[in-house]
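I have placed the structure first, in the form of structure tokens, so that the comments after it can refer back to it.
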Amino acid sequence: MRLGKSILFLLVVLGLSSCAVRKYVPEGKVILVENIINNDSTHYDISKSEVSQHIVQKPNKNLFGWLPRVWVYYKTQPKSDKKFYRWLNKSFGVEPVYYNAAYTEKSTEQIEDYLDNTGFFKSEVESTMEHDNYRAKVYYHLYPKEPYTVRNIDYKISDSAISKIINEIDDDFQLKTGDNYNIYTLHKDRDMIAEHLRNNGYFLFAKDYIFYEVDTNLMQHKVDVTLRIDGAKHDKYFINNVFIYPDHRIRNVGNTVNDTVEYNHFNFIYGRNPKVHLKTFNQVVLIHPGDAYSQKKVSQTYRALGSLKLYSLSNISFDTIQGGNDSVKLLNCNITLQKGKIHHYNIQIEGTNSGGDLGAQGSISYRNNNIFRGSEVFRISLRYGFQAQRVNNMFIEEGIFNTREFGVEASITFPRFLSPIPLHRFVAEYQPKTMLLTGYNMQIRPLYMRYIGTASFGYNWRSTNTIEHYLTPLNLNIVKVLPSDIFATVLDLETNQRIKDQYTDHLIFGLNYSFIFSNQNVKKSNDFFYFKLDIETSGNVLSLLNETPIITERDGHHEIIGIRYAQFVKYTFDVRFYHYFRDRNMLAMRVMYGQGLAYGNSVDLPFERSFYAGGSNSMRGWQFRTLGPGEFNNPYGYDMEHIGDLQLETNIEYRFPIYSFFKGALFADMGNIWTLSDNESFPGGQFKFDKFYKQFALDAGFGLRLDFSFFLIRLDIAAPLCDPAYDEPNRWRISKLQLRDMVWNFGIGYPF
């Protein structure tokens, strides 16, 4: 009921603000709020989204017909000489778009051109404008004529060698006989031909050499297309020598060259020790003497050179030279590299607040971008933290900061593929990297000590500019728990197995795979999508050894080196969308779903692999691991971390600049975790289709950020608006919120 009143109040406010816009609109002007495209023909399918790209004047975006951002602009523009109002104007306002008849006429002409270019010759487009007191809609009425279709596609290519190469990709051309004539498709085919020729030795070939002749049959609405390539002779180029300059100063400044070394058909030129093994470039440089020039191999080499963290800049250029045979055209390739900084250090210190338990943690890290002189990246980090943690009175220990944690992690990334199986084509195409990681973590708690050891071996590669893969075939995680004498007695008496499992030794040995898609353009503020799929399995290989001396059996389960191994499968989907407004304003949205299933040697997911909700990167209205599962309300007399087998969460955040590097955000989070089966450890936590939607938690809040481009410090303050731990009639907490209910979350980087 309260939610309904809140929504009604919001709608009234929006409505009043929109009505207030009317008085600010200058006389004789109307605000353009929508362009509507109507296709008069039911026989011909025309893409409205493509047509809309040819409309010159884009309308103001509205919310159910309202214009709240325009209203903010009107209200703050007269006072924009003051910093606060100028900030409101830039962050939340948007300038009104007034209807312009000249733009509409220009749009009509461009749409008619588009129809001509897609085969609907001599079609007509009419535009009309309708408006009320201050809002206008423009209708574009399309009257398409019968389209012209392609009857024949012929080639006129005097160079037989080029003709043969083009025939190799003939089936890949987008324009086929029987299709509607489409000049845009012809342009794409022309680009494909030029690219294919440049990948087959034609270094100087450009798409401008390709022409199309179009012959129309007016009676039959047919088109004959002839592809013609300029009759001038086009030369095929081959690589003569490849010169690699590991120190750019040699080539750019003209220093005296002390050494020229030939290795693996490459010529390395440097004036002093380059401090890099020459074999580093074996898998990196794909341009080889004797090969025909290939633009694709140049791009692949650029991408591979970019993965060498030893270098900050790389440049590939070609010089044409005359061969001994005038008919053979040769190129010398010059690869110039500029070294970057090798040693990097970083120190971080931050305060922590978990459920009112104060503490601090810090870390120091070191990175070497050339540890073995092969551009291998070595990282090592040390972290230490402490906290004053409150526990049940019977377990109080002396000392204020009774919780401590120490960890060390080291990794090496090799910019090449390390494998007993060569896979030459895979390496050349995708330039995979090899990663080794190991770590150790010690946690000292009032009730127990936990030791965690990790080790992994895996690969990372990009299959396209937007798709990245991580494959970790070997992933080891060992957890050893030492409870205090008193806590061990409590655990022996505990009947809830899931609680006991949180403090039990276990071993995870399996594989991980991650698929990541992102079409973000870091050079432009364009909308983009992000999608990530994570899959993890454990215990399947070890289960094959159950009947061997390596594996022992005890109490109905199997162990290796005296520790029970975990067996499960787990997957997670993470989908995000980022929408940019003007002046660096952004709307970020995320939907995440994950599920895990324990089987075989495990009853439940391991504690470290279970899902959780709450904290600075999840449901920010709850502290870390304190939400859920389901409608579970902790009835126990001591603190416990809430975990589940399934998670569903969605987040939305509006980010805006305040001043310089100082930025702000408004956000809301909704989600929860659940167990897959009825679990006595978490009563009310099981996922059920008829009630899970009633168990969603909801929070909202605002955030402040210090954004230094390379580093971001974040403070988010959130209020729990709907808490499923309460009975259904009392879950909405809006009217009961107090200042102490606000949750403060510190973080590094954006939450998503």
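For segment 401-411, a residue qualifies if it is open to solvent by 30 Å² or more (accessible area, probe 1.4 Å) and modelled with pLDDT of 90 or more, and the qualifying residues are Phe406, Val408, Glu409. Taking Arg584, is it closer than 30 Å to Arg86 by Cβ and either among the charged types (D, E, K, R) or outside any loop (DSSP other than H, G, I, E, B) (or both)? So Arg584 fits the description; yes.
From the list Phe667, Phe702, which residue is of a type in the set (Phe, Trp, Tyr), within 19 Å of His579 (Cα to Cα) and open to solvent by 40 Å² or more (accessible area, probe 1.4 Å)? Criteria check complete, one pass: Phe702. Determine whether Leu474 is closer than 17 Å to Ala410 by Cα, surrounded by fewer than 16 Cβ atoms within 10 Å (Cβ to Cβ) and aliphatic (A, V, I, L, M). For Leu474, the condition - closer than 17 Å to Ala410 by Cα, surrounded by fewer than 16 Cβ atoms within 10 Å (Cβ to Cβ) and aliphatic (A, V, I, L, M) - is met. Picking from residues in segment 635-685 that are among the polar types (S, T, N, Q) and either part of a strand (DSSP E or B) or touching a residue at least 40 places away in the same chain (Cβ under 8 Å) (or both), the one that is nearest to Ser525 (Cα to Cα) is Asn651.
Those residues that are of a type in the set (Lys, Arg), out of contact with any strand residue (DSSP E or B) (no Cβ under 7 Å at 6 or more places or on another chain) and at negative phi, I need them from segment 112-161; list them, please. Lay out the reasoning, then the answer.
From segment 112-161, those of a type in the set (Lys, Arg) are 122, 135, 137, 145, 151, 156; that's our starting set.
Next, only the ones that are out of contact with any strand residue (DSSP E or B) (no Cβ under 7 Å at 6 or more places or on another chain) stay: 122, 145.
Answer for segment 112-161, where residues must be of a type in the set (Lys, Arg), out of contact with any strand residue (DSSP E or B) (no Cβ under 7 Å at 6 or more places or on another chain) and at negative phi: just Lys145.
For segment 186-232, filtering for residues that are under 19 Å from Tyr44 (Cβ atoms), surrounded by 19 or more Cβ atoms within 10 Å (Cβ to Cβ) and among the basic types (Lys, Arg) leaves 0.
Condition check for Asp678 on (1) among the acidic types (Asp, Glu); (2) surrounded by 19 or more Cβ atoms within 10 Å (Cβ to Cβ); (3) farther than 21 Å from Ile535 by Cβ: one failure, at (2).
For segment 256-286, enumerate the residues that are hydroxyl-bearing (Ser, Thr, Tyr) and loosely packed, with under 14 Cβ neighbours inside 10 Å.
Listed by number, the residues that qualify are Thr256, Thr260, Tyr263.
Of the strands (runs of 3 or more DSSP E) lying entirely inside segment 451-568, the ones with 3 or more residues being more than 27 Å from Gln595 (Cβ to Cβ) and over 28 Å from the mean Cα position of the chain (by Cα) are found at 467-483, 552-554.
It is to be established whether one or more residues within segment 107-125 are more than 41 Å from the chain's Cα centre (by Cα), open to solvent by 90 Å² or more (accessible area, probe 1.4 Å) and not basic (Lys, Arg). Yes.
Of all helices (runs of 4 or more DSSP H) completely enclosed by segment 73-185, which ones contain at least 3 residues that are touching a Ser or Thr at 6+ places or on another chain (Cβ under 7 Å) and over 30 Å from Ile46 (Cβ atoms)?
83-92
Of the residues making up segment 164-185, those that are of a type outside the set (Ser, Thr, Tyr) and open to solvent by less than 40 Å² (accessible area, probe 1.4 Å) are Ile165, Ile166, Ile169, Phe173, Leu175, Asn182.
A residue that is open to solvent by less than 70 Å² (accessible area, probe 1.4 Å) and in contact with a Ser or Thr (Cβ under 6 Å, 6 or more places away or on another chain) cannot be found anywhere in segment 720-739.
Filter the strands (runs of 3 or more DSSP E) completely within segment 260-339 down to those with at least 1 residues that are under 22 Å from Asn465 (Cα atoms). Where strands (runs of 3 or more DSSP E) fall fully within segment 260-339 and carry at least 1 residues being under 22 Å from Asn465 (Cα atoms), they are 311-322. Taking the criterion of being open to solvent by 20 Å² or more (accessible area, probe 1.4 Å) and not polar (S, T, N, Q), the residues of segment 287-310 that qualify are His288, Pro289, Gly290, Asp291, Ala292, Lys296, Lys297, Tyr302, Arg303, Gly306, Lys309.
More than 18 Å from Thr650 (Cβ to Cβ) and of a type in the set (A, V, I, L, M, F, W, C): which single residue out of Ile673, Ile713 fits that description? Can you show your working first?
Numbers: Ile673 fails: more than 18 Å from Thr650 (Cβ to Cβ).
Checking each option against the conditions leaves just Ile713.
Cβ separations smaller than 6 Å between residues 6+ apart or across chains give no pair from segment 42-60 residues that are in a loop (DSSP other than H, G, I, E, B) to residues that are loosely packed, with under 15 Cβ neighbours inside 10 Å and modelled with pLDDT under 90. When restricted to residues that are closer than 22 Å to Arg450 by Cα, open to solvent by less than 40 Å² (accessible area, probe 1.4 Å) and either at pLDDT below 90 or among the hydrophobic types (A, V, I, L, M, F, W, C) (or both), segment 615-649 contains 6. If you go through segment 712-730 and keep only what is in contact with a Gly (Cβ under 6 Å, 6 or more places away or on another chain) and over 16 Å from Trp622 (Cβ atoms), you end up with Leu712, Arg714.
The values are calculated or read from the model by the stated rules, or taken from the named source; none is laboratory data. As the structure is a prediction and not an experimental result, all values here were calculated from the model. FYI the Cβ positions are ideal-geometry reconstructions off the backbone, even for glycines, and counts take in every protein chain you see. When the accessible area is computed, the model is the full protein with side chains, heavy atoms only, and any ligands, DNA or RNA have been set aside. Shrake-Rupley method; radii C 1.70, N 1.55, O 1.52, S 1.80 Å.
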